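Asker: I'd like to ask you about the structure that follows.
The values are calculated or read from the model by the stated rules, or taken from the named source; none is laboratory data. Fair warning: this is a prediction, and the values are worked out from it, not measured in the lab. When we count neighbours, we look across all protein chains shown, and the Cβ atoms used for this are built from the backbone with ideal geometry, even at glycine.
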DNA sequence: AGCTCACCCTGGACGC
DNA sequence: TGCGTCCAGGGTGAGC
């Protein structure tokens, strides 16, 4: 035994590399297309006020941005700017399909577009959401996020944010402190940096902080380069339904019971930290 | 300040 | 076999 049960749970977490992969594809393929219709089958996936269909119909996609794990859709209608944001949470997916293609599983919201294409929002768990936002609301939402690890985060800023007396893994997952890091990449970064997930963030030495900074950068960059982490058939897919190629680069995530890849003789363990499944080598990570 | 827990929701796992 | 119960998990918010 030794391997902790994964339960066949359909769990995957789109994080920065996955959401950025989706963003790049959406931006490329939606730009210039006009919304002809929006069909909402699950109203609970729509947040905020206003009729999303009335607001978005005749809107033209101008671009898709990303902040943390949030996708920001910019449209233009009657000379005015329109925005909606979307969070994939655990199991959300955007898929670009042709009109008439077979319905996708858990397809809850469908945008009909001008070139015979459809943008579909699918979500098994229905934790994800879409929300129309005003310029002011958007500004407010974006202001709540910490710096982007692959963009504006410098070592000095990273280190200066390790002041709280909480488990370093919890800090990495706090979107107000660092944005875009989720469970998979937090586990992987801590393993690379050889830091125990429960170490209090304010006890890291400057050397450890620098190692962690580099590790975060490395795992996120690698994940993005390989278009996201897909660990099983049901997990992450890009907008065309294709899996990412980053799973082979994982060292600890969902590898409880396996030999540590550092060949230290240790075994990958699973524990809960802040209610999240946490994988680490107790031999390497101190 | 930081912790725990409930909530949102679904479908496997598990118990009887 | 089959039905009921438990539970994960990102983010948010309440209460301690």
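Asker: Can you name the residue in the stretch A:147-160 that is closer than 14 Å to residue A:202 by Cα and in contact (Cβ under 8 Å) with a residue 40 or more places away in the chain and, of all such residues, is farthest from the chain's Cα centre (by Cα)?
Answerer: A:159
Asker: Turning to a different aspect of this structure: Could you tell me whether residue A:103 is exposed (fewer than 13 other Cβ atoms within 10 Å of the Cβ) and more than 16 Å from DNA strand C (Cβ to nearest atom)?
Answerer: Yes, satisfied.
Asker: Another question, if that's okay. Please find, within the stretch A:254-286, the residue that is nearest to DNA strand C (Cβ to nearest atom) out of those that are on the phi > 0 side of the Ramachandran plot and free of Cβ contacts under 8 Å to residues at least 60 places away in the same chain.
Answerer: Ranking the qualifying residues of the stretch A:254-286, first place goes to A:275.
Asker: Next up: Consider the stretch A:161-170. How many of its residues are within 9 Å of DNA strand B (Cβ to nearest atom) and either in contact (Cβ under 8 Å) with a residue 60 or more places away in the chain or touching a strand residue (DSSP E or B) at 6+ places or on another chain (Cβ under 9 Å) (or both)?
Answerer: Residues in the stretch A:161-170 being within 9 Å of DNA strand B (Cβ to nearest atom) and either in contact (Cβ under 8 Å) with a residue 60 or more places away in the chain or touching a strand residue (DSSP E or B) at 6+ places or on another chain (Cβ under 9 Å) (or both): 5 in total.
Asker: Still on this structure, I have one more. Would you check if there is a residue in the stretch A:48-64 being assigned to a strand (DSSP E or B), more than 30 Å from residue A:267 (Cα to Cα), modelled with pLDDT under 95 and within 16 Å of DNA strand B (Cβ to nearest atom)?
Answerer: Within the stretch A:48-64 (the criterion being assigned to a strand (DSSP E or B), more than 30 Å from residue A:267 (Cα to Cα), modelled with pLDDT under 95 and within 16 Å of DNA strand B (Cβ to nearest atom)), the answer is no, since none of the residues qualifies.
Asker: Could you please let me know if residue A:13 is within 14 Å of DNA strand B (Cβ to nearest atom), in contact with a helix residue (DSSP H, G or I) (Cβ under 8 Å, 6 or more places away or on another chain), at pLDDT below 95 and in a loop (DSSP other than H, G, I, E, B)?
Answerer: For residue A:13, the condition - within 14 Å of DNA strand B (Cβ to nearest atom), in contact with a helix residue (DSSP H, G or I) (Cβ under 8 Å, 6 or more places away or on another chain), at pLDDT below 95 and in a loop (DSSP other than H, G, I, E, B) - is met.
Asker: Turning to a different aspect of this structure: Say we look at the stretch A:63-91 and pick out the residues that are within 10 Å of DNA strand C (Cβ to nearest atom) and under 20 Å from residue A:46 (Cβ atoms); which of these is surrounded by the fewest Cβ atoms within 10 Å (Cβ to Cβ)?
Answerer: Per the criteria, the residue is A:89.
Asker: Going by what's in this entry, would residue A:54 be described as at negative phi, under 25 Å from the mean Cα position of the chain (by Cα), surrounded by fewer than 18 Cβ atoms within 10 Å (Cβ to Cβ) and without any contact (Cβ under 8 Å) to a residue 24 or more places away in the chain?
Answerer: Against the criterion (at negative phi, under 25 Å from the mean Cα position of the chain (by Cα), surrounded by fewer than 18 Cβ atoms within 10 Å (Cβ to Cβ) and without any contact (Cβ under 8 Å) to a residue 24 or more places away in the chain), residue A:54 does not qualify.
Asker: Just checking, how many residues over the stretch A:89-127 are modelled with pLDDT of 95 or more, within 21 Å of the chain's Cα centre (by Cα) and either more than 16 Å from DNA strand B (Cβ to nearest atom) or assigned to a loop (DSSP other than H, G, I, E, B) (or both)?
Answerer: Summing the residues that are modelled with pLDDT of 95 or more, within 21 Å of the chain's Cα centre (by Cα) and either more than 16 Å from DNA strand B (Cβ to nearest atom) or assigned to a loop (DSSP other than H, G, I, E, B) (or both) in the stretch A:89-127 gives 5.
Asker: Right, something else. If the requirement is being in contact with a strand residue (DSSP E or B) (Cβ under 9 Å, 6 or more places away or on another chain) and either on the phi < 0 side of the Ramachandran plot or surrounded by fewer than 21 Cβ atoms within 10 Å (Cβ to Cβ) (or both), which of these qualifies: A:224, A:190?
Answerer: Just a single option satisfies the conditions, and that option is A:190.
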